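Please read the structure below before turning to the comments.
Just so it is clear, none of the values below were taken in a lab; they were calculated from the coordinates. No experiment lies behind these values; they were computed from the predicted model shown. Glycine also receives a Cβ, built like all others from the backbone with ideal geometry; neighbour counts cover every protein chain displayed.
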Amino acid sequence: MFTGEYRHAVDDKGRIAVPSRFRAQLAGNVVVARWMDSCLAIFPVAAWEELAAKLAGLPMTDPNARLLQRQLFAGAFETELDRQGRVLVPQNLRDHAGLEGEALVLGSRDHAEIWAPPRWAEYSRSLEDPDAFAQAIAGLGI
């Protein structure tokens, strides 16, 4: 399970260090993809394939299903961690997420997310109001 929040530099080649706690789960190839809320996701290949199988079960006649598939698969890049535990993030994905000098790598259960620090700060401010947070998750059955 991916948990925690870590700040890392984005080097001039677009590489971001993956937290050491995540590296064992990301051994071998990984998929870096555009994700919800203007961030990126790093999936172990097995978790990416599980998501792909779920998406394959959606009706192709549903325009929202096609939209989701296009968004995820067109913005996905398969790579591997280098010897220093860094992942290469292509320029188009860095642009999508607004990544420049620093990135936050966050755990999100079955994947990690990469956020530009200003975007994460803005997003997380919306979670600070306990009443708004409770209302947002009220229908989830938790």
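Select from the stretch 108-142 the residues that are of a type in the set (Val, Ile, Thr) and in contact with a strand residue (DSSP E or B) (Cβ under 9 Å, 6 or more places away or on another chain) and list them in ascending order.
Of everything in the stretch 108-142, just one residue is of a type in the set (Val, Ile, Thr) and in contact with a strand residue (DSSP E or B) (Cβ under 9 Å, 6 or more places away or on another chain), namely 114.
With the requirement that a residue be more than 17 Å from residue 43 (Cα to Cα), within 15 Å of the chain's Cα centre (by Cα) and surrounded by fewer than 17 Cβ atoms within 10 Å (Cβ to Cβ), what does the stretch 97-132 give you?
Once the filter is applied, which keeps residues that are more than 17 Å from residue 43 (Cα to Cα), within 15 Å of the chain's Cα centre (by Cα) and surrounded by fewer than 17 Cβ atoms within 10 Å (Cβ to Cβ), the stretch 97-132 yields 98, 117, 119, 123.
What are the pairs with Cβ atoms under 9 angstrom where one residue, in the stretch 121-139, is touching a residue at least 12 places away in the same chain (Cβ under 8 Å) and the other, located anywhere, is assigned to a helix (DSSP H, G or I) and of a type in the set (S, T, N, Q)? Sequence gap at least six, or different chains.
Listed pairs, sorted by first residue: 123/38.
Being part of a helix (DSSP H, G or I) and in contact with a helix residue (DSSP H, G or I) (Cβ under 8 Å, 6 or more places away or on another chain) is the filter; apply it to the stretch 119-142 and report the residue that is nearest to residue 105 (Cα to Cα). Steps first, please.
Of the residues in the stretch 119-142, the ones part of a helix (DSSP H, G or I) are 119-125, 130-140.
Narrowing further to those that are in contact with a helix residue (DSSP H, G or I) (Cβ under 8 Å, 6 or more places away or on another chain): 119, 123.
On the way: 119: 12, 123: 14 Å.
Among them, the one singled out is 119.
Got a number for residues in the stretch 3-18 being basic (Lys, Arg) and either outside any loop (DSSP other than H, G, I, E, B) or surrounded by 17 or more Cβ atoms within 10 Å (Cβ to Cβ) (or both)?
Of the residues in the stretch 3-18, 2 are basic (Lys, Arg) and either outside any loop (DSSP other than H, G, I, E, B) or surrounded by 17 or more Cβ atoms within 10 Å (Cβ to Cβ) (or both).
Here's the yes/no breakdown for (1) more than 13 Å from the chain's Cα centre (by Cα); (2) among the charged types (D, E, K, R); (3) over 20 Å from residue 103 (Cα atoms):
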residue: 9; (1), (2), (3): yes, no, no
residue: 20; (1), (2), (3): yes, no, no
residue: 29; (1), (2), (3): yes, no, yes
residue: 36; (1), (2), (3): no, no, no
residue: 42; (1), (2), (3): no, no, no
residue: 54; (1), (2), (3): yes, yes, yes
residue: 62; (1), (2), (3): yes, yes, yes
residue: 69; (1), (2), (3): yes, no, yes
residue: 72; (1), (2), (3): no, no, yes
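Take residue 56 and decide whether it is touching a Phe, Trp or Tyr at 6+ places or on another chain (Cβ under 8 Å), among the small types (Gly, Ala, Ser) and farther than 18 Å from residue 25 by Cα. Quick ask: steps written out before the conclusion?
Details: touching a Phe, Trp or Tyr at 6+ places or on another chain (Cβ under 8 Å): no; among the small types (Gly, Ala, Ser): yes; farther than 18 Å from residue 25 by Cα: yes.
No.
Select from the stretch 26-50 the residues that are crowded, with 18+ Cβ neighbours inside 10 Å and of a type outside the set (A, V, I, L, M, F, W, C) and write down the one among them that is nearest to residue 69 (Cα to Cα).
Going through the qualifying residues, I end up with 34.
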